[in-house]
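Single-structure report; data block below.
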Amino acid sequence: MEILLKVHALTIQEFRATMIIAMESWHVKHLRKIFPNLRDKIYLLSLFENKNKIRMWSYQRNNIPDPFGNSEFHFYECFKRIERCIEEMLSLIQTA
């Protein structure tokens, strides 16, 4: 399975997707506002994470904040979390 990441300005007429994955809840809210016809295809990446392994306060638990402006350690931790979430998401997709 290939994951293609591409930045492109799209109109609602052009936009087609199987899944749209966002890192923070405000992204989901904004995307659902822009693309109301795709509401049921927009997901929060952190929802795919195994929450039993995580000890975080609520915002961090449900969002993957942008590490911009933080240390290299924060970037690495963010990367590892994204990687875990994507692995679990792909596992769910492949078994469905």
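Number of residues in the range 74-96 that are surrounded by 12 or more Cβ atoms within 10 Å (Cβ to Cβ) and either among the basic types (Lys, Arg) or at pLDDT below 90 (or both): the value is 3.
Close Cβ contacts (under 9 Å, 6 or more residues apart or on different chains) running from residues in the range 23-36 that are closer than 20 Å to Cys85 by Cα to residues that are assigned to a loop (DSSP other than H, G, I, E, B) and of a type in the set (Asp, Glu) comprise Met23/Asp66; Glu24/Asp66. Filtering the range 61-76 to residues that are touching a helix residue (DSSP H, G or I) at 6+ places or on another chain (Cβ under 9 Å) and assigned to a helix (DSSP H, G or I) leaves Arg61, Asn62.
The values are calculated or read from the model by the stated rules, or taken from the named source; none is laboratory data. Please read all numbers here as calculations on a predicted model, not as lab measurements. Every residue, glycine among them, receives a Cβ derived from its backbone with ideal geometry; neighbour counts consider all protein chains shown.
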